[in-house]
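Data first, discussion second: the structure below is written as structure tokens.
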Amino acid sequence: NAGVTQTPKFRVLKTGQSMTLLCAQDMNHEYMYWYRQDPGMGLRLIHYSVGEGTTAKGEVPDGYNVSRLKKQNFLLGLESAAPSQTSVYFCASSSPPGGHWNYGYTFGSGTRLTVV
Amino acid sequence: AQTVTQSQPEMSVQEAETVTLSCTYDTSENNYYLFWYKQPPSRQMILVIRQEAYKQQNATENRFSVNFQKAAKSFSLKISDSQLGDTAMYFCAFMKPFSEGNMLTFGGGTRLMVKP
């Protein structure tokens, strides 16, 4: 089925360790996003990309880096994990907004990350 | 920056009854989109309904409808004939299209419990 795939689904890191979350979409979407979800705060944008080779900062970018070397993939990296980065991470993709009746983001199923 | 507020952290409703979830937002923009997303216990984010600000007619999708009050900056979601499968977190979200990567700004969410 077409959609957004995130790997891994769960991960436990020790403080100071690094890791990369992978997001892949097969809908040929131009736009891709990384959000984090924390209780009571909804989802907050970390970084986004408007096309292959481009990235931009969102609302909460500190401590994260991203890359989009291929159109279908968007990687989120944590160089030195901190307990404050314990969260659920969502990747999403979309086409440009417009009049299509079903416009909206397509989300992955999320990654639960715990930093101890 | 836009802000989205959901003032009801938790709500409950009896099966087959109607419930309304509240959402207010703050923006100086005139052209924007508003969304409601559902997040069931599976953690998947599912688009429920979308409203374009330039449309005066309230959006409807089967049992889901919105009351969009542009001047009051209010965007409530009405769920009719509630079903057990409607039990989920519901997030209201704002987007200014073709700006800042079409990022979504989310409210903090409302947890809805449908009781048998």
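What is the gain in length, in nm to one decimal, between B:Asp26 and B:Gln83 on full extension, counting 0.36 nm per residue of separation less the C-alpha to C-alpha distance?
Additional length available on full extension: 17.4 nm.
Below 8 Å, C-alpha to C-alpha, sequence gap of six or more: please give me the relative contact order for segment A:17-57 in percent.
31
What residues qualify as long-range amide H neighbours of B:Ile49, i.e. H under 5 Å apart, gap of 5 or more or another chain, H built at 1.01 Å from N?
Result for B:Ile49 returns B:Trp36.
As an exercise, use a Förster radius of 30 Å and the Cβ-Cβ distance of A:Glu79 and B:Ser99 to find the FRET efficiency, rounded to the nearest 0.05.
For A:Glu79 and B:Ser99, the calculated efficiency is 0.55.
Using alpha-carbon pairs under 8 Å, 6+ residues apart, how would you state the relative contact order of chain A in percent?
Relative contact order, chain A: 35 percent.
If DNA, RNA and ligands are ignored and the probe is 1.4 Å, what is the ranking of B:Glu10, A:Glu59 by accessible area, most exposed first?
Most to least solvent-accessible, the answer reads B:Glu10, A:Glu59.
Compute the FRET efficiency between A:Val88 and B:Lys73 as 1/(1 + (r/R0)^6), taking r as their Cβ-Cβ distance and R0 = 25 Å, and round to the nearest 0.05.
0.30
Need one number: nm distance between label points at A:Thr15 and A:Val116, each 7 Å from Cα along Cα→Cβ, rounded to one decimal.
Distance between label points: 1.4 nm.
Restricting to Cα pairs below 8 Å that are 6+ residues apart, what does the relative contact order work out to for chain B? Please round to a whole percent.
Relative contact order comes out at 38 percent.
With only Lys, Arg, Asp and Glu charged, each at its Cβ (+1 for the first two, -1 for the last two), find how big the charge dipole of chain A is about the Cα centre; round to the nearest 20 debye.
260
Quick one: of B:Lys38/B:Lys78; A:Lys14/A:Lys57; B:Lys38/B:Lys115; B:Lys73/B:Lys115; B:Lys73/B:Lys96, which pairs are farther than 21 Å apart, Cα to Cα?
From the list (B:Lys38/B:Lys78; A:Lys14/A:Lys57; B:Lys38/B:Lys115; B:Lys73/B:Lys115; B:Lys73/B:Lys96), the Cα-Cα distance tops 21 Å for A:Lys14/A:Lys57; B:Lys73/B:Lys115.
Starting from the amide H of B:Glu15, placed 1.01 Å from N in the peptide plane, find each other amide H under 5 Å away whose residue is 5 or more places distant or on another chain.
Those lying under 5 Å, H to H, from B:Glu15 are B:Lys115.
Using θ = phi - 60° and the Karplus relation 6.51 cos²θ - 1.76 cosθ + 1.60, list the HN-Hα couplings for segment B:68-78 in order, rounded to whole Hz, with x at every Gly or Pro.
Each residue of segment B:68-78 in turn: 9, 10, 5, 5, 7, 6, 10, 8, 9, 10, 10 Hz.
Using all C-alpha to C-alpha distances in segment A:1-50, build P(r) with 5 Å bins and read off the rounded percent in each one.
Per 5 Å bin, starting at 0, the Cα pair percentages come out as 4, 13, 20, 26, 21, 10, 4, 1.
State the answer as a single residue: which of A:Gly3, A:Gly40, A:Thr114 lies farthest towards the positive end of the charge dipole of chain A, with beta carbon charges of +1 for Lys and Arg and -1 for Asp and Glu, about the Cα centre.
Working it through, the farthest residue towards the positive pole turns out to be A:Thr114.
Can you pull a Stokes-Einstein diffusion coefficient for segment A:9-109 at 4 °C (1.567 mPa s), Rh from Kirkwood over Cα pairs, as a whole number of µm²/s?
Roughly 92 µm²/s, to the nearest whole number.
The values are calculated or read from the model by the stated rules, or taken from the named source; none is laboratory data. Just so we're clear, the structure is a prediction, and the values are computed from it rather than from any experiment. Cβ sites come from the backbone with ideal geometry, for glycine too, and all protein chains shown count toward neighbours. Ligands, DNA and RNA are stripped out before the accessible areas are found, and what is left, the full protein with its side chains, is counted by its heavy atoms. Shrake-Rupley method; radii C 1.70, N 1.55, O 1.52, S 1.80 Å.
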